[in-house]
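The values are calculated or read from the model by the stated rules, or taken from the named source; none is laboratory data. All values reported here derive from a predicted model rather than from experimental measurement. So basically every Cβ, Gly included, is an ideal-geometry build from the backbone, and we count neighbours across all protein chains shown. Just the protein is used for accessible areas: all its heavy atoms, side chains included, with ligands, DNA and RNA removed. Shrake-Rupley method; radii C 1.70, N 1.55, O 1.52, S 1.80 Å.
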Amino acid sequence: MTQFILKRLMSGVVVLFGLSVFTFMLIHFIPGDPVRIMLGQRATVEQIEALREELGLNKPLVSQYVSYASGLIQGDLGNSLKTGRPVSTEIAERFSATAKMAVASLGVAVIVGVGLGVIAARFKDTFIDGMIMMFSTLGMALPGFWLGLLVILVFSVHLGWFPIAGGTGLLDIVLPALTLGTLMATALSRLTRAGMVEILSNDYIRTARAKGMGERIVLLRHAFRNVMIPIVAVIGLEFAGLLGGAVIVEQVFNWPGIGTLAIQAISSRDFPMIQGTTLFIGAIYVVVVIVIDVLYALLDPRINFSAKREGA
């Protein structure tokens with residue numbers, strides 16, 4: 001297990017290195033000069049060149065990347081071109097808001113999505129199953145920004161139950177979590193239903209029922225436990241995406257998270273901030289994938305990591 005985790009960490013470092021190179025090269029080909037954006041259109045040529053030299057943007061791209069990479073090795077993501085503050089500090093400040101929304105959204109998704117999936121499998125090919133599948137299909141087709149605007153219109157404008165946007169308190173998190181959680185729940189419900197329907201058709205399930213076990217025990221102890229591995233994988237990747245910042249929903253609710261920070265960095269051509277947020281999101285995915293692999297072994301002892309290493 002330890003060797004497997006170390007191997008995945010090393011591969012994650014390689015992935016992040018490739019991501020840093022790709023992001024660095026890509027953003028330098030984006031139209032627009034960050035120096036002109038910072039100084040405004042009335043800035044003189046001398047002011048522009050002086051600031052470009054101060055920021056090191058007049059150096060060749062290779063030299064700029066070497067300086068950036070050397071800072072990464074020391075844990076320095078650089079300073080924001082817009083605010084002058086360390087990129088790591090700004091990401092850390094925004095991460096708490098994103099983490100709150102991610103945890104709340106995941107809670108809604110797991111409770112609603114997995115619960116509906118189990119119910120749909122239990123009542124397969126009935127009216128209940130059809131309604132749940134219609135809900136999941138409709139939810140997967142809805143754009144996130146549209147659903148966000150809809151819940152604002154209903155619960156904030158008409159009913160006045162929750163604030164519209166802009167805060168990070170307990171009430172402020174309800175609508176963003178409801179929006180993201182509902183979108184995630186649609187996919188989880190279909191996945192759970194498909195896995196449960198397949199498991200419930202196995203012989204050992206029929207044997208458990210023949211022995212007189214209650215339906216709840218059959219569903220939760222025997223069937224659901226065996227369908228948890230693919231569900232855990234999807235939940236983990238969805239959670240990583242939420243921690244990376246649900247960009248559209250954060251924009252709709254003016255949520256001060258990583259997604260909003262990334263959009264602001266792109267619009268202002270803040271190169272260090274774009275690189276920092278991209279690497280941060282990539283690192284989250286690397287860690288989550290490793291955690292998912294470890295959870296596989298805990299959920300299914302039949303998984304042999306030594307065999308995986310030999311086949312890798």
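Per-residue answers, yes or no, for (1) within 29 Å of the chain's Cα centre (by Cα); (2) assigned to a helix (DSSP H, G or I):
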| residue | (1), (2) |
| --- | --- |
| A177 | yes, yes |
| L180 | yes, yes |
| A187 | yes, yes |
| R190 | yes, yes |
| A194 | yes, yes |
| V197 | yes, yes |
| A208 | no, yes |
| G212 | no, no |
| I217 | no, yes |
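Looking only at segment 280-293, count how many residues are open to solvent by less than 30 Å² (accessible area, probe 1.4 Å), more than 13 Å from the chain's Cα centre (by Cα) and of a type in the set (A, V, I, L, M).
2
Contact list please: Cβ distance under 7 Å, first residue in segment 10-24 and under 18 Å from F271 (Cβ atoms) and part of a helix (DSSP H, G or I), second residue modelled with pLDDT of 80 or more and among the polar types (S, T, N, Q), pairs at least six apart or on different chains.
Close Cβ pairs satisfying both conditions: L19/T278; S20/Q275; T23/Q275; T23/T278; F24/Q275.
Among the helices (runs of 4 or more DSSP H) confined wholly to segment 26-128, which include 1 or more residues that are modelled with pLDDT of 85 or more, farther than 23 Å from W255 by Cβ and over 22 Å from the mean Cα position of the chain (by Cα)?
115-122
Please give the number of the condition I132 fails out of (1) among the β-branched types (V, I, T); (2) over 30 Å from M228 (Cα atoms); (3) surrounded by 15 or more Cβ atoms within 10 Å (Cβ to Cβ); (4) over 19 Å from the mean Cα position of the chain (by Cα).
Only one criterion in (1) among the β-branched types (V, I, T); (2) over 30 Å from M228 (Cα atoms); (3) surrounded by 15 or more Cβ atoms within 10 Å (Cβ to Cβ); (4) over 19 Å from the mean Cα position of the chain (by Cα) is unmet by I132, namely (2).
Can you name the condition, by its number, that I152 falls short on among (1) under 29 Å from I231 (Cα atoms); (2) surrounded by 17 or more Cβ atoms within 10 Å (Cβ to Cβ)?
In the conditions (1) under 29 Å from I231 (Cα atoms); (2) surrounded by 17 or more Cβ atoms within 10 Å (Cβ to Cβ), I152 misses (1) alone.
Quick test for you: out of L191, L150, L170, L175, pick the one residue that is touching a residue at least 40 places away in the same chain (Cβ under 8 Å) and over 30 Å from V218 (Cβ atoms).
Checking each option against the conditions leaves just L175.
Enumerate the pairs (first residue in segment 250-261 and under 10 Å from M101 (Cβ atoms) and touching a residue at least 24 places away in the same chain (Cβ under 8 Å); second residue anywhere and among the hydrophobic types (A, V, I, L, M, F, W, C) and open to solvent by 40 Å² or more (accessible area, probe 1.4 Å)) with beta-carbon separation below 6 Å, excluding pairs fewer than 6 apart on the same chain, so at least 6 apart or on different chains.
Going by the 6 Å Cβ cut-off, the qualifying pairs are F253/A165; G259/V247.
Between a first residue in segment 64-84 that is open to solvent by 30 Å² or more (accessible area, probe 1.4 Å) and a second residue that is not hydroxyl-bearing (S, T, Y), which pairs have beta carbons less than 6 Å apart while being 6 or more apart in sequence or on different chains?
Y65/F24; L77/V87; L77/G276; N79/P86; K82/D270
Take the residues of segment 230-279 that are among the aromatic types (F, W, Y) and within 24 Å of L175 (Cβ to Cβ): which is most open to solvent (accessible area, probe 1.4 Å)?
Step by step, filter segment 230-279, then rank; the result is F239.
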